[in-house]
Protein chains: 2
Amino acid sequence: LRASPFKPASGAGRTVSDIGERGLIDRLGKYFDKPSRKLLIAAPDDDAALWRGDAYTVGTIDTMAEHVDFRLDWPAFDWHLLGRRLISINLSDLAAMGAEPRHALVSLALRGEMPVGDVDRLYAGIVEQARKFGCSISGGDLSATRGPLMLTAAMTGSVTSASEVLRREGAKPGWSIAVTGRLGAAAAGLRLLEKGLKAKTDAERSWVRAQLDPVPRIDAGKALVSAGVRVGGDISDGLIGELQRITHIGGLGASIQVRDLPLARGLLSADWPLAVGESEDFELICVAPASVMRNAQKLLGRHSLSLTVVGVIERRAGIQWHDGDRPVRLKAAGYDHFR
Amino acid sequence: LRASPFKPASGAGRTVSDIGERGLIDRLGKYFDKPSRKLLIAAPDDDAALWRGDAYTVGTIDTMAEHVDFRLDWPAFDWHLLGRRLISINLSDLAAMGAEPRHALVSLALRGEMPVGDVDRLYAGIVEQARKFGCSISGGDLSATRGPLMLTAAMTGSVTSASEVLRREGAKPGWSIAVTGRLGAAAAGLRLLEKGLKAKTDAERSWVRAQLDPVPRIDAGKALVSAGVRVGGDISDGLIGELQRITHIGGLGASIQVRDLPLARGLLSADWPLAVGESEDFELICVAPASVMRNAQKLLGRHSLSLTVVGVIERRAGIQWHDGDRPVRLKAAGYDHFR
C-alpha cells in the first residue's frame, strides 16, 4: 500500500476524551467543505447543511462496523485508508445507479481513549476520497462508544432523469451479463489480512489494496447509462447475491461461464468461486441486449475500463455455472453479517 | 407513556441471527415507502433510493448510541418509542433550519441475539414518526455488532430559498432571544430514568415522555421563517450550548432573565439550571428584533405554540444570568459525550 501523504497535526498525543466533543468538532471543522455555489452552508456551522438541489437525487447510507467490516489489528491497517473506504462504499452504491456524487454526511461513533491523531487521519481519508470524486463533506455527527467503532456515511448523487439510471429490475431472457474490472482480489486480500499475513508479491499487494482501498466505479456507472444500459448493480456484497436479486425480480435465472470470469491477477482458474461468492470487489454487474453491451464495452474502453461478458439471462429460475460445456457447482452462499 | 399500538408480527420469538441479514431486509421491506410521485425508487429494491429533488435541500445525520443516548434497562424502555426518537432527533435538526422534511435513510447496527419482534417494533416506530411528519423512509442499511446498538438516520428537507432559513449566524446586539415551548422536562425525565424510578405523577410522566418521545418543532421552525426570523437553532443539546454558538460567531454575548424561562410543569423556579444546562428539550431558540419577534409570537400562537422571550443579545461576550435585578451564576457546563 502506498504511504499516506497525511501528516498527523499537533495534538496527536492527546485522546478524544482529552479534547472533548467540542474540541473534536472544532478540530474536524477544517475538513468540512466551505460554503460555495454548490454547498451553501456546512453543517458544523449550523444544525444542518444546505445545498442547491438537483432535479433527480439518489440517496444511500452505509455503515462500517469494527470487527465485522474492519479490524484495527490487520497487518496493513491504516486510519487514512479506512476513511477512504467509508466514502468508497457509499460511492459504489451511487456508481451502481449511474449517479454523479454530490454531498456526504458522516456520523462517527468513537472511543474516548482514541488518539486525536487517529481521528485526524480517519477524517483526512474521508475528505480525500470524497474530493477525488467531486463529493462535498457537508455535515456530520460524533457519538461516543465503549464498544466497536461504527462509521456511517450517507450520500446523495445526481442523475439526469428518472429513467437514466441502473436498476435491478428489467432484465430479459437472452440478455448478456457483464462485469467491470477484475474479480476476486478483495476476497483474496481479506484472506491474507484475516490470517495476519503481510502481502509479499505485487499480486498480493494488489489484493490487499482491493480490500482496503477499493476504487468505486463512478465513471463506469455513468458510462453504462450513457451507452443505454438500464439494468445493473454493484457487487461489493458478492456477485452471486447481486445476480440473484437482479434475476429474482422477474422470476428469471442466469447461466455463467466460469472460464470467462475476469479473475484478478495472481488468482488461478480454480479460484473462481472466490470471485463470485464473497468477494467485496467494488465492481459493477450489468445486464443488457448484446448490441447495447457492445456499445457499452466501447464507451468504457475510452475510460480504460474493461467490461467482460460472463453469461446470459435465462428464462428458468436459478443460477447455473458452466466450465466450457460442463456444468459445475458452487457451494458457498453469500456472506451474512448476522450468522 | 401511552401504550404503543404496534402488535409484534409472527416470528417474534426468533432472533436476528435466526432469520439472517437477507431475511431481515425482506422483513423490513414492508416498512419502506413505496415508489410514488415523491419517491421514485426505494433503496431495498436497488442499490440506492431515487427521488425528485428540491431547489434547496437541507441535510442532516444523527446517531443514537446505546448506553450513551439510551439504555434498554430504563424502566419505561420501549423499542417503538426508540424508533420514533431516532427520527425525531433528525427532524429537530430540520426544524432548527425551518425546513420541510422529505426523505430519511436509516442505518442500524444490531446484535444477532436481538429478537426479530424488537426490530419490528423499532422499525414501526421509525416509520410512524417519519410518516407523521411527511418524511419517506427511502432506504437503509443493516450491520451486525456484538457491542452497543448504534442507530443512525440521515434526513433531507426542503426550504424555499437559500435565505429563508434559520441560521446560527446573524444575531445583533439588542435583539430579543426567545424559546418555543417549555424547558427542563427532558432533563427531569432523564433523572428519573437514570435512577430507575417509575413516573408517578402527571408531571413526572410528561417529563419521561419529553425524554423518550420528544416532539420535533417542524411547524414552529417553518412559522419562525415565515414571520421573518432568520437566526435560530434547536436546543436538544442544551440551551446554553446553542446560545454560546449563536453569540460566539459575532463575538457577542447574551443576558438571560431566569424568571422568564418557561419551565416545564412540576419544576420549581430553583430548577432553572436544569432547563438551560443539559436538558434535551426538542425546542427551538431564536433571535430577532423585538418587532419581528412579536410577529413570530402571533404566528406561532395560531399553531398553539408558545414563543417566550427570555433575554437579549449583548455587545459584550459571555452569557449573564439575571434573577430580576440580581446577577446569578450557572455552574454546570454542557454535557460532553466523550468526558
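The values are calculated or read from the model by the stated rules, or taken from the named source; none is laboratory data. Because the structure is a prediction, the values reported are computed rather than measured. Because the Cβ atoms are built from the backbone with ideal geometry, glycine has one as well, and the counts that use them run over all protein chains shown. Heavy atoms of the whole protein, side chains included, go into the accessibility calculation; ligands, DNA and RNA do not. Shrake-Rupley method; radii C 1.70, N 1.55, O 1.52, S 1.80 Å.
Somewhere in segment A:5-15, is a residue within 14 Å of chain B (Cβ to nearest Cβ) and modelled with pLDDT under 95? Yes, because at least one residue in segment A:5-15 is within 14 Å of chain B (Cβ to nearest Cβ) and modelled with pLDDT under 95.
Here is a yes/no grid of residues against (1) of a type in the set (S, T, N, Q); (2) out of contact with any strand residue (DSSP E or B) (no Cβ under 7 Å at 6 or more places or on another chain):
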position	(1), (2)
A:218	no, no
A:238	no, yes
A:247	yes, no
A:260	no, no
A:267	no, yes
A:320	yes, no
A:327	no, no
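The single condition from (1) within 20 Å of residue A:23 (Cβ to Cβ); (2) without any contact (Cβ under 8 Å) to a residue 12 or more places away in the chain; (3) not aromatic (Phe, Trp, Tyr) that residue B:270 fails is (1).
For segment A:88-118, the set of residues classified as hydrophobic (A, V, I, L, M, F, W, C) and either in a strand (DSSP E or B) or open to solvent by 10 Å² or more (accessible area, probe 1.4 Å) (or both) consists of A:89, A:104, A:105, A:106, A:108, A:109, A:110, A:114, listed by residue number.
Among the numbered conditions (1) closer than 11 Å to residue B:310 by Cβ; (2) open to solvent by less than 50 Å² (accessible area, probe 1.4 Å), the only one that residue B:292 does not meet is (1). Kindly establish whether residue B:157 is touching a residue at least 40 places away in the same chain (Cβ under 8 Å) and on the phi < 0 side of the Ramachandran plot. Answer is yes for this residue. Going by the conditions given, is residue A:72 open to solvent by less than 10 Å² (accessible area, probe 1.4 Å) and more than 11 Å from chain B (Cβ to nearest Cβ)? In short, no.
Within segment B:286-325, which residues are of a type outside the set (Ser, Thr, Tyr) and part of a helix (DSSP H, G or I)? Answer for segment B:286-325, where residues must be of a type outside the set (Ser, Thr, Tyr) and part of a helix (DSSP H, G or I): B:290, B:292, B:293, B:294, B:295, B:296, B:297, B:298, B:299, B:300, B:301, B:302. For residue A:157, the criteria (1) open to solvent by less than 10 Å² (accessible area, probe 1.4 Å); (2) away from chain B (no Cβ under 14 Å) hold in every case but one, which is (2).
Would you check if residue A:43 is under 21 Å from residue A:110 (Cα atoms), touching a helix residue (DSSP H, G or I) at 6+ places or on another chain (Cβ under 9 Å), of a type in the set (A, V, I, L, M) and within 7 Å of another protein chain (Cβ to nearest Cβ)? The answer is yes for residue A:43.
Applying the selection to segment B:160-198, what residues are free of Cβ contacts under 8 Å to residues at least 12 places away in the same chain and of a type in the set (S, T, N, Q)? Those that are free of Cβ contacts under 8 Å to residues at least 12 places away in the same chain and of a type in the set (S, T, N, Q): none in segment B:160-198. Suppose the filter is farther than 26 Å from residue B:205 by Cα, modelled with pLDDT under 95 and touching a Gly at 6+ places or on another chain (Cβ under 8 Å); does residue B:277 pass it? The answer is no for residue B:277. Test residue A:121 against the stated conditions and say whether it is away from every other protein chain (no Cβ under 11 Å) and open to solvent by 10 Å² or more (accessible area, probe 1.4 Å). The answer is yes for residue A:121.
Pull up segment A:124-137, narrow it to residues that are in a loop (DSSP other than H, G, I, E, B) and open to solvent by 10 Å² or more (accessible area, probe 1.4 Å), then point me to the one that is nearest to the other protein chains (Cβ to nearest Cβ). Only one residue tops the list, namely A:133.
Within segment A:23-42, not a single residue is modelled with pLDDT of 90 or more, open to solvent by less than 20 Å² (accessible area, probe 1.4 Å) and within 30 Å of residue B:35 (Cα to Cα).
Note on segment A:138-249: enclosed strands (runs of 3 or more DSSP E) holding 1 or more residues that are closer than 30 Å to residue B:56 by Cα are A:150-159, A:231-234. The test for being under 25 Å from residue B:223 (Cα atoms) and touching a Leu at 6+ places or on another chain (Cβ under 8 Å) does not hold for residue B:128.
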